[in-house]
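What follows is one structure encoded as structure tokens, with my remarks underneath.
Only the coordinates and a few stated rules stand behind these numbers; no lab work does. The model shown is predicted, which means the values in this text are computed figures rather than measured ones. Using ideal geometry, Cβ is built from the backbone for each residue, glycine included, and neighbour counts are taken over all protein chains shown.
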Amino acid sequence: MIILKTQDEIEVMAKASKLVAETLQALKREVRPGVATEELDRLAEEFIRARGGVPAFKGYRNYPKTLCASVNDEVVHGIPSKRVLKEGDIVGLDLGAIVDGFYGDSAVTVPVGAIHSRTAELLRVTEEALYKGIEQAIVGYRLSDISHAIQRHAETAGFSVVTDFVGHGIGRQLHEEPQIPNYGKPGQGPRLQVGMVLAIEPMINVGGSAVRVLEDQWTAVTRDGSLSAHFEHTIAIQASGPPRILTKL
Ligand code: MF3
Ligand code: CO
């Protein structure tokens, strides 16, 4: 069952989402060669708590940290550690926060110093794919219209879409129905309605789409070792026109 949110509930979700967006903005400014991913995690937790929020991921299925920091061939769910970022890396920063009982969830992938042009293209195309999906998040459209637009944009650029992880509904829970694959035929699944709040999150690889999870039980990496990028926004379906992007400042 998809839980529709009232306008008042969406305003609370907007607060949680804004806090996530502000935290990501602060983290982006700290990404540079020499920074350890656990320093970014500490900053994220302090930033969220100082503003009255609660980290959404810490303790979720025993996840140990506030932030997911996924470097290079890490797709999602990289656990912040003493690993130091170096020039030419890319790092996915995925963050959730709870404010007054509601969740916000967003991710960006950012360069560490100068990166190769094909790597920059991966970041650009993945963010564009997210926006192509968001453009389809219109009342009366079907859920898989979002999925299809993401896949089409990624594959047109010669990249592949990760199929093992999906976007999701979000509200009083981090993960609610529906699941939102980043691939599929258009015109399938439920019709989009006012009050739906969705976390759309394409994960796109330079090489093949296959991933595996490391011994730590969390970190997902590409099987072929190719680079991967991830962008995510929490959005609310509007009565007409394009959605409200709650995690955009
Ligand atoms: N954005 C990811 C998701 O929605 C982050 C989850 S990390 C976890 O699934 F630790 F909370 F699982
Ligand atoms: Co998510």
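Given the -39500 (n - 2.57) contribution per DSSP H run of 4+ residues, what per-residue ellipticity at 222 nm results for the chain, rounded to the nearest 500 deg cm²/dmol?
Details: 4 runs with 71 residues, N = 249.
The per-residue figure over the chain is -9500 deg cm²/dmol.
Once you mark the GluC sites (Glu not before Pro) that are in a DSSP loop and have at most 12 other Cβ atoms within 10 Å, what is the longest gap between them in the chain?
Numbers: sites that count: Glu87, Glu215.
Between exposed loop sites, the widest span is 88-214.
How would Thr119, Thr222 line up from fewest to most surrounding beta-carbon atoms within 10 angstrom?
Working: Thr119 19, Thr222 23.
By the 10 Å Cβ count, ascending, the order reads Thr119, Thr222.
Rounded to the nearest 20 Debye, what is the dipole magnitude of the chain about its Cα centre when Lys and Arg each give +1 and Asp and Glu each give -1 at the C-beta?
Details: 27 positive and 31 negative charges, 46 e Å.
Magnitude of the dipole: close to 220 debye.
Measure up Lys28/Lys248; Lys5/Lys65; Lys15/Lys65; Lys18/Lys248 against 19 Å on the Cα-Cα distance and list the ones that go over. The partial results should precede the final answer.
Numbers: Lys28/Lys248 14 Å; Lys5/Lys65 28 Å; Lys15/Lys65 22 Å; Lys18/Lys248 7 Å.
Result: Lys5/Lys65; Lys15/Lys65 exceed 19 Å.
Given the Cα-Cα distance of Thr163 and Ala239 and 0.36 nm per residue of separation, how much length would full extension add, in nm? Kindly include the intermediate steps, with their values, before the conclusion.
On the way: separation 76, 0.36 × 76 = 27.36 nm, distance 3.03 nm.
Contour length minus the Cα-Cα distance gives 24.3 nm.
Can you list, bin by bin at 5 Å, the percent of alpha carbon pairs in the chain, starting at 0?
Answer for the chain: a P(r) of 1, 7, 15, 19, 20, 18, 12, 6, 2, 0 percent.
What are the aspartates and glutamates whose alpha-carbon lies under 12 Å from the alpha-carbon of Lys185, with same-chain residues fewer than 8 places away excluded?
Result set, ordered by chain and number: Asp145.
Between Arg42 and Gln179, what FRET efficiency comes out of the Förster formula 1/(1 + (r/R0)^6) with R0 = 35 Å and r the beta carbon distance, rounded to 0.05?
Values: r = 32 Å, r/R0 = 0.91.
Result of the calculation: an efficiency of 0.65.
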